[in-house]
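First up is the structure itself, then whatever we jot down about it.
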Amino acid sequence: MNLSLVTRRQRKLKWTFLDPLEQVMMVLCGVTLFCFSTTTVLDIVTRLLGNPWLWLQEATSTFSIYGIFLGTAVATRRNDHLYLTATAENLTGTKRTIVEILSRVVIACVALCMIVFGYENFLRGFSSFRMPSLTPIASLYVVIPISGALILLFAIEQIINGFKHGFEHEDTEDDAHIAAAMAVAEAFGGYTESDKKS
């Protein structure tokens, strides 16, 4: 049973051994989003009841920051973020390869900055504390270099595989996705029989 989240369109840019990591990160993003939403609602409710739980703001900010940085990393692997698709997809051959590689090199440079400066902030974070738990603020900063390392890994993965196999892909997406898109468009009146012939 294949549980990979990678579409056929993106498969040649991905190493299969990193697929489980992507799956775990997607689950963690979902968990952080759910927990962020829950703690925000609880914070509002407890304040309205006149008995605020002060630690909820701490928890909310933690889930928010972890979700953002983990989401940035997984979106990089999925080409959903930090990526100039519109420019590259209009090109072919060598020009496309150059633009695709350059965009990923820029992403890799940003990731290196996140690793270096994020680690420095993490170390400095042990001298500052969050209230009311008095937890070192380093507990928030630790996710920045981790996210940077993951973004760098995914950028390198795509550069190597794109250089080997090319960045151009078939115009057709997975058959299931095409059928689903057509069904939705037809349900909303945006897809007609004449579109099928074109």
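Read through the list (1) at pLDDT 90 or above; (2) over 29 Å from Cys113 (Cα atoms); (3) touching a helix residue (DSSP H, G or I) at 6+ places or on another chain (Cβ under 8 Å), then give the number of the only condition that Leu49 fails.
(3)
The rows are residues; the columns are (1) out of contact with any Leu (no Cβ under 6 Å at 6 or more places or on another chain); (2) modelled with pLDDT of 60 or more; (3) surrounded by 11 or more Cβ atoms within 10 Å (Cβ to Cβ).
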| site | (1), (2), (3) |
| --- | --- |
| Arg124 | yes, yes, yes |
| Pro136 | yes, yes, yes |
| Ile156 | yes, yes, yes |
| Glu173 | yes, no, yes |
| Glu186 | yes, yes, yes |
| Glu193 | yes, no, no |
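Say we look at the stretch 12-32 and pick out the residues that are assigned to a helix (DSSP H, G or I) and not hydrophobic (A, V, I, L, M, F, W, C); which of these is farthest from His165 (Cα to Cα)? Before the answer, list the steps.
The first filter runs over the stretch 12-32 and keeps only residues assigned to a helix (DSSP H, G or I), leaving 12-13, 16-32.
Filter again for not hydrophobic (A, V, I, L, M, F, W, C), leaving 12, 16, 19-20, 22-23, 30, 32.
On the way: Lys12: 7, Thr16: 15, Asp19: 18, Pro20: 22, Glu22: 21, Gln23: 24, Gly30: 32, Thr32: 35 Å.
Here the answer is Thr32.
Would you tally the residues in the stretch 125-160 being free of Cβ contacts under 8 Å to residues at least 12 places away in the same chain and in a helix (DSSP H, G or I)?
2
Test each condition in (1) surrounded by fewer than 18 Cβ atoms within 10 Å (Cβ to Cβ); (2) over 21 Å from the mean Cα position of the chain (by Cα); (3) among the aliphatic types (A, V, I, L, M) for Leu56 and report the one that comes out false.
(1)
When you scan the stretch 118-143, how many residues do you find that are hydrophobic (A, V, I, L, M, F, W, C), within 17 Å of Ala59 (Cα to Cα) and within 25 Å of the chain's Cα centre (by Cα)? Before the answer, list the steps.
Here is the first cut: in the stretch 118-143, the ones hydrophobic (A, V, I, L, M, F, W, C) are 122-123, 126, 129, 131, 134, 137-138, 140, 142-143.
From the residues that got through so far, the ones that are within 17 Å of Ala59 (Cα to Cα) too are 129, 131, 134, 137-138, 140, 142-143.
Then keep just the ones that are within 25 Å of the chain's Cα centre (by Cα); that gives 137-138, 140, 142-143.
Selection size over the stretch 118-143: 5.
Six or more apart or on different chains, Cβ under 8 Å: which pairs go from a residue in the stretch 38-64 that's in contact (Cβ under 8 Å) with a residue 60 or more places away in the chain and β-branched (Val, Ile, Thr) to one that's part of a helix (DSSP H, G or I) and surrounded by 14 or more Cβ atoms within 10 Å (Cβ to Cβ)? Could you list them?
Thr62/Ser139; Thr62/Leu140
The values are calculated or read from the model by the stated rules, or taken from the named source; none is laboratory data. Predicted, not measured: the structure shown is a model, and the values here were computed from it. Using ideal geometry, Cβ is built from the backbone for each residue, glycine included, and neighbour counts are taken over all protein chains shown.
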